[in-house]
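The values are calculated or read from the model by the stated rules, or taken from the named source; none is laboratory data. For clarity, every value in this text was computed on a predicted model and none was experimentally measured. Backbone-built Cβ (ideal geometry, glycine too); neighbour counts: all protein chains shown. Areas reflect the complete protein model, heavy atoms only, side chains present, ligands, DNA and RNA absent. Shrake-Rupley method; radii C 1.70, N 1.55, O 1.52, S 1.80 Å.
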Amino acid sequence: MAREPNCIFCRIVAGEIPSDKLYEDSETLAFMDINPVHDGHCLVIPKAHYPTVFEVTPDAFAAAACTAAKVAAAVQTALKPDGLNLIQSNGPGAAQSVPHLHFHVLPRRMRDGLLINWGLKPGDRARIAEIAGRIRAAL
Ligand code: 5GP
Ligand code: ZN
């Protein structure tokens, strides 16, 4: 399994750094975030080291997504937030601070004012279609 010696999350997987673990299986680990935005904010990672979605294997990503859904359901049952975001960030422009792929399981409260939300503003349909073509060409 790929491991990066200086990676905080690899060290959590190895038990070299303590964490409040929620769940683990052979491929994935879920643990509490040490800087929670709200009670219940936790993280889900593949145990193997992949920096971002651009390197992760489809199987490892799928395993982490399955665990994220499982943990999200438990957070919802245990804490009954008003909503919950699953957030997976890639690269500095997306505010990724730990370069080991992870999902945030982020419970939300009404009017909590978090800045990850945006208002709905209609886009230019021609521009949307043109950009869709550029992405399809890269698939
Ligand atoms: P990012 O900014 O990459 O989307 O999220 C990284 C998350 O990892 C942050 O929310 C941060 O609080 C959390 N984090 C950073 N270092 C540690 C640590 O040593 N232990 C735990 N449990 N979480 C950490
Ligand atoms: Zn790592």
Cβ-Cβ under 8 Å pairs, at least 6 apart or on other chains, segment 94-110 side without any contact (Cβ under 8 Å) to a residue 12 or more places away in the chain, far side part of a loop (DSSP other than H, G, I, E, B) = 95/89
Flag if residue 56 is modelled with pLDDT of 95 or more, under 14 Å from residue 1 (Cβ atoms) and either touching a Ser or Thr at 6+ places or on another chain (Cβ under 8 Å) or not small (Gly, Ala, Ser) (or both) = yes
Scanning segment 1-16 for residues that are over 11 Å from residue 48 (Cα atoms) and exposed (fewer than 12 other Cβ atoms within 10 Å of the Cβ), which turns out farthest from ligand 2 (Cβ to nearest atom)?
-> 15
In the set 30, 72, 63, which member is of a type in the set (A, V, I, L, M, F, W, C), at pLDDT 95 or above, away from ligand 2 (no atom under 16 Å from the Cβ) and open to solvent by less than 70 Å² (accessible area, probe 1.4 Å)?
-> 72
Residue set 82, 25; condition surrounded by fewer than 21 Cβ atoms within 10 Å (Cβ to Cβ), under 22 Å from residue 11 (Cα atoms) and in contact (Cβ under 8 Å) with a residue 12 or more places away in the chain; output residue 25
Is there a residue in segment 98-114 that is open to solvent by 70 Å² or more (accessible area, probe 1.4 Å), of a type in the set (A, V, I, L, M), over 19 Å from the mean Cα position of the chain (by Cα) and modelled with pLDDT of 95 or more?
-> yes
Name the single residue, out of those in segment 35-53 being at pLDDT 95 or above and open to solvent by 30 Å² or more (accessible area, probe 1.4 Å), that is nearest to residue 9 (Cα to Cα).
-> 47
Restrict the check to segment 75-89 and report whether at least one residue is out of contact with any Asp or Glu (no Cβ under 7 Å at 6 or more places or on another chain), within 26 Å of residue 5 (Cβ to Cβ) and at pLDDT 95 or above.
-> yes
Here the residues within segment 93-139 that are of a type in the set (Lys, Arg) and closer than 25 Å to residue 73 by Cα are 108, 109, 111
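To keep it simple, each residue is scored yes or no on (1) over 27 Å from residue 27 (Cα atoms); (2) outside any loop (DSSP other than H, G, I, E, B); (3) within 13 Å of ligand 1 (Cβ to nearest atom).
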| position | (1), (2), (3) |
| --- | --- |
| 93 | yes, yes, yes |
| 98 | no, no, yes |
| 101 | no, no, yes |
| 106 | no, yes, yes |
| 117 | yes, no, no |
| 120 | yes, no, no |
| 129 | yes, yes, no |
| 135 | yes, yes, no |
